[in-house]
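Right, one structure below, let's go through it.
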Amino acid sequence: MMNYIFAGMIIISLICAVFTGNTNALSTAVINGAGESINLLVTMAGALALWSGVMEIADKGGFTKALSAVLSPVLRPLFKNVNKNSRAMKYISMNVSANLLGLGNAATPFGISAVKELKKLNPESNKATGDMIVFVVMNTASLQIMPTMVGTLRQSYGSVKPFSILPCVWISSICALAVGLSIAKLLNGKD
Amino acid sequence: MADLFMPAFIAVVVIFGLIKKVPIFDTFTYGAREGFRTLYSLAPTLVGLIVAVNMLKASGASDLICSAVSPLAESLGFPKEIVPMILLRPISGGGATALLTGIYKDYGPDSFAGLTASVLAGSTETTFYAIAVYFGSVGIKKIRHTLLAALAADFTAAVMAVITVKIFMR
């Protein structure tokens, strides 16, 4: 998919520049864009490393586990065929907790373990079960306490209050999650 | 109050870690290294896509696209500048980041477009990637209504980004 998008962007730009006469600007854009992207990465590097370090302390201090214990009762009713004390349930709540803390690198392995456990409940089929759909939809919505990446980017571009968007982010993602889960649950039917 | 949020958050985490006897500095440096690794893996995507986004802008193509979609966007209350980002967000995280930085550069991170784009970026995930990773890891081919539900969630996030920014940030 990205192959076509990338190619499309370049080809459309070229054609458009020829018609609009912006060819000079286009060649400047190519050179500057490459340098600009590295500048951006350098500007972001410090803050991103700082947050990753802080969140790692949170994780090792047991934030993820504690959160997972709190979340587990909330998550259970969403998964119909998952035993509440099963490993699947444990991985699911660890995955959601890590996502909430913005620990994407930790969340993905938990998530993969979770779907593997869910698959064991229905090993023969290559069709997604209702529980799998609920779980994956949960992961395509991003419920995150501290969206550090966006905050860092905002700061790099001179925002006065980079994290002032937090309440908006929380409300938007909760609404998105609610809509996604409702549709998933509704179409799951009896599954 | 809001100024204290970040330092206070860090202090709480550090104190919590001390109480739990976590070797906090070693853990911090380990995590920070992971941060650099994330950045390192993001770099090639970002170089390619920021160049491509810059080309779209310089050639005038992005203006054409924006004005083509603006009637629809405006009828939904979206600032037209964020429409390309809404479309690209579920497909490519790096692409959305490239567009986001473009919006920050042109309009500023605290402009209406900048704020809505920020909220959108913070409240959505790379949907197609998540679906591919999780279903791919267990060989699920028939994903049924997963994509529909996930994209409905993404659309909701976009609508709510505009609404919440209008309510809380003005």
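Brief remarks follow.
- The range A:19-62 - residue that is among the small types (Gly, Ala, Ser) and not in a helix (DSSP H, G or I) and, of those, farthest from A:Pro147 (Cα to Cα): A:Gly21
- Selection from the range B:103-122 of residues that are surrounded by fewer than 22 Cβ atoms within 10 Å (Cβ to Cβ) and not in a loop (DSSP other than H, G, I, E, B): B:Lys105, B:Asp106, B:Tyr107, B:Phe112, B:Ala113
- Matching residues, the range A:39-50, being hydrophobic (A, V, I, L, M, F, W, C) and either over 13 Å from B:Thr29 (Cα atoms) or surrounded by fewer than 22 Cβ atoms within 10 Å (Cβ to Cβ) (or both): A:Leu40, A:Leu41, A:Val42, A:Met44, A:Ala45, A:Ala47, A:Leu50
- Restricting the range B:146-168 to residues that are over 18 Å from the mean Cα position of the chain (by Cα) and more than 7 Å from chain A (Cβ to nearest Cβ), the residue that is surrounded by the fewest Cβ atoms within 10 Å (Cβ to Cβ): B:Ile167
- Candidate set: the range B:123-145, residues that are over 21 Å from the mean Cα position of the chain (by Cα) and part of a helix (DSSP H, G or I); chosen: the one nearest to A:Lys185 (Cα to Cα): B:Phe135
- Matching entry among A:Leu67, A:Leu75 (being more than 9 Å from every other protein chain (Cβ to nearest Cβ), touching a Ser or Thr at 6+ places or on another chain (Cβ under 6 Å) and open to solvent by 40 Å² or more (accessible area, probe 1.4 Å)): A:Leu67
- From the options B:Ala161, B:Ala149, residue that is part of a helix (DSSP H, G or I) and under 30 Å from A:Gly33 (Cα atoms): B:Ala161
- Of all residue pairs spaced 6 or more apart or on separate chains, those with beta-carbon atoms under 6 Å, a first member in the range B:87-113 that is facing chain A (nearest Cβ under 10 Å) and free of Cβ contacts under 8 Å to residues at least 24 places away in the same chain and a second member that is basic (Lys, Arg) and surrounded by 20 or more Cβ atoms within 10 Å (Cβ to Cβ) are B:Pro109/A:Arg154.
- Condition check for B:Ile131: closer than 21 Å to A:Ile174 by Cα, open to solvent by less than 20 Å² (accessible area, probe 1.4 Å) and at the interface with chain A (Cβ under 8 Å from one of its Cβ atoms): yes
The values are calculated or read from the model by the stated rules, or taken from the named source; none is laboratory data. Here the structure is a predicted model, which is why all the values come from computation and not from measurement. Here Cβ is always computed from backbone atoms with ideal geometry, including for glycine, and neighbour counts include all displayed protein chains. Accessible surface is based on the protein model in full, side chains and every heavy atom, while ligands, DNA and RNA are left aside. Shrake-Rupley method; radii C 1.70, N 1.55, O 1.52, S 1.80 Å.
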